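Q: Sending over a structure as structure tokens; questions will come in a sec.
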Amino acid sequence: MPYYIGLMSGTSLDGVDGVLIEMGTHEAEMKQLAASYVPFTSDVRASLFALQFSGFDEIHRVAQAANQLVLVYAECVLHLLKNTGLYPGQITAIGVHGQTVRHRPEFGYTVQINNPALLAELTEIDVIADFRSRDIAAGGQGAPLVPAFHRSVFGKLNETRVVVNIGGISNISILRSDGATRGFDTGPGNVFMDGWIMQHKSQKYDNNGDWARHGHINESLLAHLKDEPFFQKLPPKSTGRDLFHAEWLVGKLNLFSQVSPVDVQATLCALTAQTITDAINAYASDVSHVYICGGGANNSTLTDLIHSLLNGAGKSVSVESTEVLGVSPNHVEALAFAWLAYRHTERLAGNLPEVTGAAGDRILGALYPH
Ligand SMILES: Nc1ncnc2c1ncn2[C@@H]1O[C@H](COP(=O)(O)OP(=O)(O)O)[C@@H](O)[C@H]1O
Ligand SMILES: [Mg+2]
């Protein structure tokens, strides 16, 4: 049976998640054999972060950062091979996302910096990269791409499920009981909570949401944060740090300097929770099972809030981690890129036009043979 590796580094800029899978005869039978996580050093993170905005000599800095990033990818691949005892010649392909530095589908492009040629050279494995551009070329958003994978592994006939992926940005997949699928980005996931706790407590993230839990949600600040056209926009839609960057928050907080840092954190947590649940209520109000994945699944203040927001007015909606479906929430996106590598290899479409808005099914990614 063929083996694939998936590598994901998302908007949180926390590090690289990798998985090694064995693909079964049917793709629902794919089996995860190993997982590895390599956090970015502060140097790598700083150079990737600095590229989220234009600046001096950025073409050179992009190329250098891509080379640094690929060393982290290669280290992650090495761990996966070691953990499984497999050797490079046994792996059909690596599916690698790259690091998004610009996502502007409205201008016809998205940029994930990467050096897949170097990764193929270092690992001696075929590399498939740049999964988003083809969908955008076909008029789509190029994102989110995970709903097709969610459909494949988490979809269930006769039951409507929603999968919520809470990375730096959040996206939802609505998997209807009849097989129909929708999905879109809902807005910020962890991006503002991470930035705020770094600014005030020098921590990378709010572990378990413990700091946010100690604060009070400031309702007028929350309303001001929610006053953002993206939240009202109809799908297909996708976003990133291009919109939800530090200055967006600074601008929003201008009139709220009297709100204490801990209350701001609680309110940012509520912003993430409410924009997710507003999207679920608007497009899947009949759902009874919600599954959470991405790093935000580890923030119980956030997931408790999502649970309570979905369970008002006599409703009964279960909110659980994808762990209950047998997939660790931290591995879902990397698994999706292993799956996308498989789809490319088999010359099968990787996008869902009804999600991204593309003109049709497209084979995603570009192959760099080793
Ligand atoms: N124990 C935890 N408590 C709270 N938040 C966490 C925890 N672990 C991870 N996270 C959050 O998840 C983020 C990483 O999630 P991830 O799914 O990798 O996002 P991305 O795809 O954007 O990289 C971290 O930046 C952090 O905000
Ligand atoms: Mg990550």
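Q: Using the charge dipole of segment 146-325 (Lys, Arg: +1 at Cβ; Asp, Glu: -1 at Cβ; taken about the Cα centre), state which of Ser202, Phe154, Leu249 has its Cα farthest towards the positive end.
A: Positive-end residue among those listed: Phe154.
Q: With springs only between Cα atoms under 10 Å apart, run a GNM on the chain and tell me which of Gly142, Gly189, Gly108 wobbles the most.
A: It is Gly108.
Q: In whole percent, what relative contact order does segment 129-209 give with Cα contacts below 8 Å and a gap of six or more residues? Mind showing how you got there, number by number?
A: On the way: 119 pairs, mean separation 16.5, N = 81.
The normalised contact order for segment 129-209 reaches 20 percent.
Q: Can you tell me what percent of all Cα-Cα pairs in segment 17-73 are more than 17 Å apart?
A: 54
Q: When the chain is treated as a GNM, springs tying every alpha-carbon pair under 10 Å, which of Val324, Val332, Val19 comes out with the largest mean-square fluctuation?
A: Maximum among the listed residues: Val324.
Q: Given DSSP loops and a limit of at most 16 other Cβ atoms within 10 Å, what is the longest stretch of the chain that contains no such chymotrypsin sites (Phe, Trp or Tyr not before Pro)?
A: On the way: sites that count: Phe53, Phe56.
Of all site-free stretches, the longest is 57-370.
Q: What's log10 of I(q)/I(0) for the chain at q = 0.09 Å⁻¹, Debye sum over Cα points only, no solvent?
A: Calculated log10 I(q)/I(0) at the listed q: -0.47.
Q: Any chance you could count the Lys pairs in the chain whose alpha carbons are under 30 Å apart, treating pairs 8 or more apart or on different chains as valid?
A: 18
Q: I would also like to ask the following. I need the phi-derived Karplus couplings for segment 112-129: 6.51 cos²θ - 1.76 cosθ + 1.60, θ = phi - 60°, integer Hz, Gly and Pro marked x.
A: With coefficients 6.51, -1.76 and 1.60, one gets 10, 6, 5, 9, x, 4, 5, 5, 5, 5, 6, 9, 6, 10, 4, 10, 10, 9 Hz.
Q: In deg cm²/dmol and to the nearest 500, what is the mean residue ellipticity at 222 nm of the chain if only DSSP H runs of at least 4 residues count, each as -39500 (n - 2.57), divided by the residue total?
A: Numbers: 14 runs with 145 residues, N = 370.
Computed mean residue ellipticity for the chain: -11500 deg cm²/dmol.
Q: Based only on other Cβ atoms within 10 Å, what is the fewest-to-most ordering of Val101, Val96, Val164? Show your work: numbers first, answer last.
A: Numbers: Val101 24, Val96 34, Val164 27.
Least crowded to most crowded, the residues run Val101, Val164, Val96.
Q: Send over the semi-axes of segment 49-187's equivalent ellipsoid, whole angstrom and largest first, taken as the square roots of 5 times the C-alpha gyration tensor eigenvalues.
A: Numbers: eigenvalues 168, 107, 32 Å².
Three semi-axes, in Å: 29, 23, 13.
Q: In which sequence would His307, His103 go, from the one with the fewest C-beta neighbours within 10 Å to the one with the most? Each step should come with its number before you reach the end.
A: Values: His307 18, His103 25.
If I rank by nearby Cβ atoms, fewest first, I get His307, His103.
Q: Using the reciprocal of the averaged 1/r over all distinct C-alpha pairs, how large is the Kirkwood radius of segment 301-353 in Å? Could the numbers behind the result be given before it?
A: Working: mean 1/r = 0.0726 Å⁻¹.
This gives a value of 13.8 Å.
Q: Let me ask something else. Can you give the direction-averaged projected area of the convex hull of the alpha-carbon atoms in segment 146-325, in nm²? Can you show the working numbers first?
A: Working: hull surface 40.0 nm².
Computed as one quarter of the Cα hull surface, the answer is 10.0 nm².
Q: Under 10 Å, Cα contacts only: if you run a Gaussian network model on the chain, which one of Ile292, Ile94, Ile217 comes out with the highest mean-square fluctuation?
A: Judging by the Gaussian network model, the answer is Ile217.
Values in this text are rule-based calculations from the coordinates and carry no lab data. This is a predicted model, so every value here is computed, not measured. So basically every Cβ, Gly included, is an ideal-geometry build from the backbone, and we count neighbours across all protein chains shown.
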